[in-house]
Amino acid sequence: MKSKKIWIALVILIMMLLVPLGKVSASNDGYLQKVKDKGTLVVGTSADYPPYEFTVKQSGKTSYVGLDIEIAKKFAKDLGVKLEIKNMNFDSLLVALETHKVDAVISGMNPTPERQKSVDFSNVYYRGQQYMLINKKDAALYKNIHSFKNKTIGAQTGSLQYDLVKKQMKNNQVKGLAKLNDLVIALESGKVNAVAMEEATAKAFAQNNSSLKVINPEFNVNSSQTGSAMAFPKGATSLVKAADKTIAEIQKKNLINKQYIPLAGKYMTNNSKKNSMWNYWTYFAKGIEYTLIITVVSVFFGFILGVILALLRLSKNKLGKAVAVAYIEFVRGTPLMVQVMFVYFGVGAVIQSLPALLAGIIAVSLNSAAYVAEVIRSGIESIPTGQTEAARSLGLSQSLTYRYVVIPQALKNIWPALGNEFITLIKESSIVSIIGVGDLMYQMQLVQSATYKGVIPIFITMVIYFVMTFGLSKVLGYFEGRMKHA
Amino acid sequence: MPNMIEIKNLEKSFGDNQVLKNITEVVKKGQVICVIGPSGSGKSTFLRCLNVLEQPSAGQIIFEGQDLTNISEIELNKLRERMGMVFQSFNLFPNMNVIDNVKLAPLKVKKTMEKEAIQKAGQLLEQVGLADKAEQFPLSLSGGQQQRVAIARALAMNPEVMLFDEPTSALDPEMVGEVLKVMQDLAESGMTMIVVTHEMGFAKKVADQIWFMDEGYIQEKGTPSEFFANPKTSRAKEFLSKIL
Ligand SMILES: Nc1ncnc2c1ncn2[C@@H]1O[C@H](COP(=O)(O)OP(=O)(O)OP(=O)(O)O)[C@@H](O)[C@H]1O
Ligand SMILES: [Mg+2]
């Protein structure tokens, strides 16, 4: 009986969440006009792919640079609008396009037939070859794709290289990671034997890291699969046409080879000259700030919503109870990472202007509420019924009883568990980095790509997380001690 | 004397277990009634039905003309203000000090002014002999002191009737006297009281009527002198022979 109600409530809940998504795909071409009306072109990219796109620190601020960024700038200028860059995982780019988080994607992306099914591409603006990065000490072993047997080859998940390795190097394993930096760390530490990547990028890595070397492994590449193009939502013909016009001009003037790549190269050498961690403390500071903002705001709203859910769950109202139980079970039964992506891409498809930071905070708050609700419920249930009966016998209503008798005592009991939830959130909130929120984890990745150093930023980040959680647990411990004496 | 509480055909079951079986009695204003009987006979359940902490399964509880079994939650809260209750395990609020325990209900339910509530609470603590403990927290007091605070707390709402459920059963023997003394004073001041107790000395001295309860019925009732000297039912005889 009871479990049937829970199921019904669960299904209703899911349907409520899914129904609005149906509206998304209604797209008739007003794309160009829309961009002009907004006055900004929002371009998605995965900025860990030098020389195409990467980050540099200019007078204390992070900015996105690279040949793709130059093209995007020119495109925006030709349209007469401002340019806004959104940095996210390569995997998420097409989803961001389909859900209209961005107007265009430029990220060294190959216009493969698979991708063409879901988005429209401009003409190819640059065609590089498919290379491999290996450790210099292995240079004698690996010459081309046939020198590898039972080896592990790294490639960016969802990339053309990943497919090539999978299809043309069948007696090897493919290791897919989202970030090129992580792949290069894997290469340096021997987790993978080579990393397949695009020519210019591979050369950039080798140029900045003397233990690495590039080879041309001679993949059998169909020319329609190579080359980079800009991606647009399916049916955005007006934008595609405008992009092709910009690209034609760029090619006529040979801007990519004459201006954009040399500029990117300059940024890269600058980056590698000052890749001491000290130069990047502002990144970490910014990351700490975001992580704390996300955590504190989420703790606050998670707590309020958690109290409401706990009271609903304990209430006599059967529907309210079923909804609360369904919510709590559902949230606790799905990973936070999926919830974050769902809020950003799913809910964000309906409310298009939903910023990543807000989406992250919403997802983390909603998640935390479920856990807090259970903590509060157990706290409330731990208060002896005699307390409630004494209050009710004095004429206190149910709500006065909760407010003055039950909740204050429950809070005192659950304070340590709530503190734990706070500490957990500092750590768990790192997941919002996947949608491009600038928290500590995300900044770490920026520092990695800017410095070409893999492990040191991870170590520093780890220490910072520890200092934050340890410090907080000391502070909470102090207040816990004081509450005991009260 | 006018009727204060009329109990009509009261029944209470927990699942298949019928604990109270058709009880019809009257409590008059100013009466002190001691309810005695073996463990598990339904005394606590009976008392808790009177202020509807337990919802009766059948029958009526008519308090000053109003049927408590058939009114809204809000009206019920109002009527509970007029019936004080004291529990075996005190049930003081451990998160508040003594005086806050006493003035909570007047402040939040009756919306009494703070100053007036403090004054009244102080008076009541004086009455139960604990004026010097006002700022202490309940858990730092002895059982006897806690129970006297609980009585003061119930009295703070100016109730017309006081319900006591074995108020001295959880106390060490040397503390029983101080609580019974407070209750006796209260009875002498004219308070209507219904007291579930195993303290036969108190019952003999203070009660106007003894109700003997067994197996969900009030088997026998009478004045203390009648009942204790000359119980009529064999169950009452058996019960008395065990405890005296
Ligand atoms: N909330 C409840 N749920 C189920 N059964 C209950 C509940 N409260 C009381 N009972 C049952 O009702 C019966 C009478 O209990 P009650 O507490 O009224 O007895 P009592 O006369 O007060 O006993 P004692 O002298 O031990 O306090 C017992 O069998 C008890 O198990
Ligand atoms: Mg009892």
Task: Residue-wise HN-Hα coupling along segment A:157-163, computed from phi with Karplus coefficients 6.51, -1.76, 1.60 (Hz; x: Gly, Pro) - done: 4, x, 9, 4, 4, 4, 5
Open item on the list: Give me the tail of P(r) for chain A as a percent: Cα-Cα pairs with distance above 37 Å.
Closed with: 39 percent
Open item on the list: Of the candidates B:139, B:130, B:171, which one comes out as most mobile in a Gaussian network treatment of chain B with C-alpha springs shorter than 10 Å?
Closed with: B:139
- [ ] Using every pair of alpha-carbon atoms in segment A:109-156, split the distances into 10 Å bins beginning at 0 and state the percent of pairs per bin, rounded to integers.
- [x] 17, 37, 25, 19, 1
Task: Separation between Cα centres of segment B:119-190 and segment A:123-138, rounded to whole Å - done: 87 Å
Open item on the list: Check which residues have an amide H placed less than 5 Å from residue B:164's amide H, if you skip close sequence neighbours.
Closed with: B:86, B:194, B:195, B:196
TODO: Take the alpha carbon atoms of segment A:202-268, find their center, do the same for segment A:302-331, and report the distance between the two centers in whole angstrom.
DONE: 52 Å
Open item on the list: For Cα pairs less than 8 Å apart in space and 6+ apart in sequence, what is the mean separation divided by the residue count of segment A:137-266, i.e. the relative contact order in percent?
Closed with: 22 percent
- [ ] Could you list which residues have their amide H under 5 Å from that of residue A:174, counting only those 5 or more apart in sequence or on another chain, with H placed in the peptide plane?
- [x] A:153
- [ ] Give the cross-link partners of residue A:38 among the aspartates and glutamates, using a straight C-alpha distance below 13 Å as the criterion and excluding same-chain residues fewer than 8 apart.
- [x] A:84, A:103
TODO: Restrict the search to segment B:182-215; then list the GluC sites (Glu not before Pro) that DSSP places in a loop and that have at most 11 other Cβ atoms within 10 Å of their Cβ.
DONE: none
Task: Residue-count net charge about residue B:142 - beta-carbon cut-off 14 Å; Lys, Arg +1, Asp, Glu -1 - done: -2
- [ ] Could you tell me which of the pairs A:77/A:245; A:321/A:427; A:151/A:213 are separated by over 19 angstrom between their Cα atoms in the structure shown?
- [x] A:321/A:427
Open item on the list: From Cα pairs below 8 angstrom and at least 6 apart in sequence, can you work out the relative contact order of segment A:289-446, rounded to a whole percent?
Closed with: 34 percent
Task: trypsin sites (Lys or Arg not before Pro) lying in DSSP loop within segment B:91-178, provided at most 13 other Cβ fall within 10 Å - done: B:111
Open item on the list: Using only the alpha-carbon atoms, how far is helix A:440-451 inclined from the longest principal axis of chain A? Give it as 0 to 90 degrees, nearest 10.
Closed with: 20 degrees
TODO: Would you calculate the separation in nanometres between label points at residue B:242 and residue B:126, each defined as 7 Å from the Cα along the Cα-to-beta-carbon direction?
DONE: 4.5 nm
TODO: Could you state the angle between the C-alpha long axis of helix A:281-314 and the longest principal axis of the C-alpha atoms of chain A, as a value from 0 to 90 degrees rounded to the nearest 10?
DONE: 40 degrees
- [ ] Return the loop-located trypsin sites (Lys or Arg not before Pro) in segment A:307-395 (DSSP other than H, G, I, E, B) with at most 14 other Cβ atoms within 10 Å of their own Cβ; answer none if there are none.
- [x] A:316
Task: residue A:417 versus residue B:16: modelled label distance in nm, points set 7 Å from Cα along the beta carbon direction - done: 3.5 nm
Open item on the list: I'd like the mean, over residues of B:103-111, of how many other protein chain beta carbons sit within 10 Å of each residue's own Cβ.
Closed with: 4
- [ ] Please give the per residue volume of the convex hull enclosing the alpha carbon atoms of segment B:1-110, rounded to a whole number of Å³.
- [x] 143 Å³
- [ ] State which entries of A:143/A:203; A:74/A:117; B:21/B:221; B:29/B:108; B:115/B:181 exceed 18 angstrom in Cα-Cα distance in the structure shown.
- [x] A:74/A:117; B:29/B:108; B:115/B:181
TODO: Read phi for every residue in segment A:424-431 and hand back ³J(HN,Hα) as whole Hz from Karplus 6.51 cos²θ - 1.76 cosθ + 1.60, θ = phi - 60°, with x for Gly and Pro.
DONE: 4, 5, 4, 6, 5, 4, 4, 5
- [ ] In whole Å, largest first, what are the principal axis extents of the Cα atoms in segment A:62-214?
- [x] 52, 33, 23
Task: Distant-in-sequence amide H partners of residue B:219 (H built 1.01 Å from N, under 5 Å) - done: B:212, B:213, B:214
- [ ] Taking every pair of Cα atoms in segment A:160-286, average 1/r, invert it to obtain the Kirkwood radius, and report Rg/Rh to two decimals.
- [x] 1.02
Task: Rounded D (µm²/s) - chain B, Kirkwood Rh over Cα pairs, Stokes-Einstein at 10 °C, 1.306 mPa s - done: 85 µm²/s
TODO: Please give the per residue volume of the convex hull enclosing the alpha carbon atoms of segment A:52-141, rounded to a whole number of Å³.
DONE: 157 Å³
TODO: Diagonalise the Cα gyration tensor of segment B:114-211 and give the resulting equivalent ellipsoid semi-axes, square root of 5 times each eigenvalue, largest first, whole Å.
DONE: 23, 17, 10
- [ ] Might you report the magnitude of the Cβ-based charge dipole of segment B:178-219 about its Cα centre, with Lys and Arg at +1 and Asp and Glu at -1, to the nearest 20 debye?
- [x] 100 debye
Open item on the list: Can you give me the orientation-averaged projected area of the convex hull built on the Cα atoms of segment A:247-352, in nm²?
Closed with: 12.1 nm²
Open item on the list: What do you get for the angle between helix A:237-252 and the principal long axis of chain A? Use alpha-carbon atoms, 0 to 90 degrees, nearest ten.
Closed with: 40 degrees
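Only the coordinates and a few stated rules stand behind these numbers; no lab work does. Just so it is clear, the model here is predicted, and its values are computed rather than measured. As a convention, Cβ positions derive from the backbone with ideal geometry for all residues, glycine included, and neighbour counts pool all protein chains shown.
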